[in-house]
Amino acid sequence: MTTLVAQPPRIRTQGQRQASLVVAHQRLMLLMLLFIAGALLIAGRLLWLSVFADARSNGSAIASLIPKRGDIVDRNGQVLARTMDAWSIGVHANKMLNDPEDLAPKLAQLMPERSEAEYLAILRSGVRFTYLRRRAMPDLVAQVNALGEPAIAYAREPQRLYPQTTLAAHVLGFTDFNGRGVAGMERVLDARLTDPRTRGTAVALSIDTRVQAAMESELSDAMVKQRAKGATGLVLDVHTGEVLAMVSLPVFNPNTPGRGVADARRNNVTQSVYELGSTFKPITVANAIDTGVITAMDKRYDATAPLKVGGYTIHDDEPAHRWLNVPEALIHSSNIVTARIADELGQARTERMFRRLHFDAAPEIELRERGRPIWPVYWGRTTVMTIGYGHGMAVTPLHLATAYAALVNGGIWRPSSLLRIAPGQAPRGSRVFSQATSNRMRQLLRMIVLDGTGRKADVAGFRIGGKTGTAEVPGRGGYSKTANVSTFAAAFPMDAPRYVVVAMLDEPQGSAESFGLRTAAWTVAPVAAKVIARIGPILGIVPDMSRDIDVSELTPLVWKPKGEQ
C-alpha cells in the first residue's frame, strides 16, 4: 500500500512576495485605465453627437460653451445691452411625421418672416436641420410646440438684448448669432465683454441715455418736418472728449439688425464726410488771430463786390456791399471776407492748422466704423480760399465737434471717446489755439447767436454760441443748386463752456416753419436750441439770465441800421 506523504507548505521569499504585489498593482492599474478609457470614449462620443455631429443643429450647444457676455451701460448705469437666455426653434426635415402642407401655413402664421411657400420648401427639403427662428420668446416656443410635430426641435441659447431698442444703436452696434460683436462698441469691446475674468462686470459708456434720447427726438422731428434724407448730431464734453450723445438717422434696431435698409446701419457721425460750409469760418478766423494775421477786431475787409480768383467768383449769400470788420464778417457769414483772410494766411499756415485739428485723418474714437476725410490733393490759392469758408474739404461731423471743443475750451484738442472717463483721467491733448484766442472766439461765437445767422439757436439763460453752415452738395456736374447740407455747431454756456452740440440735416427740403427755406439758420439752428433747452438742466446747467460772456468791447464794432441801434 502506498502511503501519501503531505507536502510541506511552499515557502516564498521576500522578493517573490514583492513581485506578486507589483503584478497585482499593475493589473489593478490596467483595469482602472480601461475603465477611464471607456468612460472617456463614451463622453467623447456624447460630445461629438451633441456638438459636432450636426453643427447646424446645435448652435445652442456651442453657444453654451461660450462665457456669457457682459453688460453695456450708460454713464449713469442704465443698461444698454444685456445677455439673456432665449430659445431657438429648428426642424429636422428628414424626420418629419406630419404633412408639410398642413404644417407650413401654421408656421407662417406664427412666424411671418417667411412665407407659407418658404416653410413648405424647408419642410420638404429632407435636410438634417434648419433654423426656423433664433432668439425666440417663450410664448412663441409654446405655440409652435403645440403644433405637435416631433421633428421640430427647441434649444436654449444666449440672446443679446437691447432694452432701449433703437436708442444709441450706432454707438452700441450689434452681435451675431454666436454672440460675437460685429459692429459698434460691441465689436470694440468684444474681448473685454467675453473675458471670463471680468464676467459680470459691466462696461460704462460715456453716453447719457437722457441726452441721447433728447437729441434723437429733436433730430427725428426735424428730419420729418424738413423732409431731409438724413440727420446727425452729437453732444461732446469740451474738457474730456466724452461723447454724451451720438445720433445718426435713419436708424436701425440692434435687436433685429438684418431687417430694414442696409444704409440705416451706417454711422454718419463717424463714417460719412461732408463739406460743412460756414462752420469752418470761425476756425479760419481763430487761425488768423493766433498767427498775427488779424491783429485787431476792427480790421476791415472789402466785401463791396464778389471776389474773383482764377476762374471762380466768390460771393456772399446776403451781400453787405461794404467793408466789414472781423465780428461783422462772422455775424453776416461773409464768404468774401473769410476768403480774403484765408488768402492772407496762405497755404502753409492753413494746412498746418487743419492738420493740428486732425482733419487729415479718420476721427479719433474707439469705433472701427470711421471714414477718412477728403483732403485736398493740391493746395492752390483758390483751394486755400474756399477751404477757409468750408468748401473743398470734407470731414465727419465728429471732426467738427472736436475742433469746436478746442475753439472754446482754452485751445486744447483732445480725441473723443465713447467710454466713460473717470474724473481727472482725461487725456492731456495738444494745444491748437492760445488761451487768448479761445477767449476771443467765445465772444465772437456768442455774437453770431445774438446778432447773426445763429439767432434762432438762442435760448434765454443758456448763453449759447455757435455758427451756421449751409453747403451745397457736390456731384458729377458740380455743386447742386437744390440740395445742401445744413449744420449748426454750438457750445454752451459761453462764459464757461462745457459742451459742444453739433446738429446736421442732410438735404432738407424746407417746411412751413422755415418758410420753405433750406439754410441752416432756418432748418437746423432751431434744432440745436431745442436740444440745449432739454439737456441743459439734465447736465446741471440751469438757465441764468443774470450771467453772460462780456462782449461789450466788440458790440460797438457791429454796424446796425438806425432803427435797430
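The values are calculated or read from the model by the stated rules, or taken from the named source; none is laboratory data. Note that this is a predicted model, so its numbers are computed, not measured. Using ideal geometry, Cβ is built from the backbone for each residue, glycine included, and neighbour counts are taken over all protein chains shown. In case anyone asks, the SASA skips ligands and DNA or RNA and just uses the protein heavy atoms, side chains included. Shrake-Rupley method; radii C 1.70, N 1.55, O 1.52, S 1.80 Å.
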_Computed over the chain: relative contact order in percent, which uses C-alpha pairs under 8 Å that are six or more apart_ = 13
*How much length is gained if the chain between Leu161 and Arg197 is pulled fully straight, taking 0.36 nm per residue apart and subtracting their Cα-Cα distance, in nm to one decimal?*
10.8 nm
_Accessible surface, 1.4 Å probe, highest first, among residues Val269, Val188_ = Val188, Val269
*Coil-residue GluC sites (Glu not before Pro) of region 111-192, DSSP, other Cβ within 10 Å capped at 15*: Glu113
*Averaged over all directions, how much area does the convex hull of the C-alpha atoms of region 484-565 cover when projected, in nm²?*
7.6
*For the chain, convex hull volume per residue from C-alpha positions, Å³*: 273
*May I ask for the net charge around Thr256, where only other residues with Cβ less than 11 Å from the Cβ of Thr256 are counted and Lys, Arg are +1 while Asp, Glu are -1?*
+2
*Measuring from centroid to centroid over Cα atoms, what is the spacing of region 194-273 and region 479-507 in Å?*
17
*What's the extension gain from Asn145 to Arg381 if we count 0.36 nm per residue and subtract their Cα-Cα distance?*
77.6 nm
*Radius 14 Å from Cβ of Arg446, net charge of other residues (Lys, Arg +1; Asp, Glu -1)*: 0
*May I ask for the net charge around Tyr301, where only other residues with Cβ less than 12 Å from the Cβ of Tyr301 are counted and Lys, Arg are +1 while Asp, Glu are -1?*
-2
*So, in Å, what gap is there between the alpha-carbon centers of region 383-420 and region 66-116?*
44
_Computed E for Arg259/Asn178 - FRET, C-beta separation, R0 22 angstrom, nearest 0.05_ = 0.70
*Take Lys106, Lys467 and sort them by solvent-accessible surface of the protein heavy atoms, 1.4 Å probe, largest at the top.*
Lys106, Lys467
*Relative to the first principal axis of the alpha-carbon coordinates of the chain, what is the inclination of helix 525-538, with its axis defined by its Cα atoms, in degrees from 0 to 90 and to the nearest 10?*
60
_Once the convex hull of the alpha carbons of region 169-230 is built, what does its volume come to per residue, in cubic angstrom?_
105
*On the full set of protein chains, 1.4 Å probe, figure out the accessible area of Ile289 and give it in Å² to the nearest 10.*
40
*For the chain, what % of the accessible area comes from carbon and sulfur atoms, probe 1.4 Å?*
55
*Sorted by average packing, counted as other Cβ atoms within 10 angstrom per residue and highest first, what order do 271-281, 82-92 take?*
271-281, 82-92
*Sorted from largest down, what three extents in whole angstroms do the Cα atoms of region 90-156 have along their principal axes?*
26, 21, 18
_Where Cα atoms sit under 23 Å apart: lysine pairs in the chain separated by 8 or more or lying on different chains_ = 27
*Using r as the Cβ-Cβ distance of Ser434 and Leu97, and R0 as 51 Å, what FRET efficiency do you calculate, to the nearest 0.05?*
0.05
*asked:* Over region 104-143, with the other protein chains present, what is the accessible area per residue in square angstrom, probe 1.4 angstrom?
replied: 54
*Please express the shape of region 170-303 as an equivalent ellipsoid: the semi-axes are the square roots of 5 times the eigenvalues of the C-alpha gyration tensor, given largest first in whole angstrom.*
38, 21, 13
*Difference of contour (0.36 nm per residue) and Cα-Cα distance, Arg300 to Asp548*: 86.6 nm
*Compute, for Arg265, the solvent-accessible surface of its heavy atoms (probe 1.4 Å) with the complete set of protein chains present, and express it in square angstrom to the nearest 10.*
90
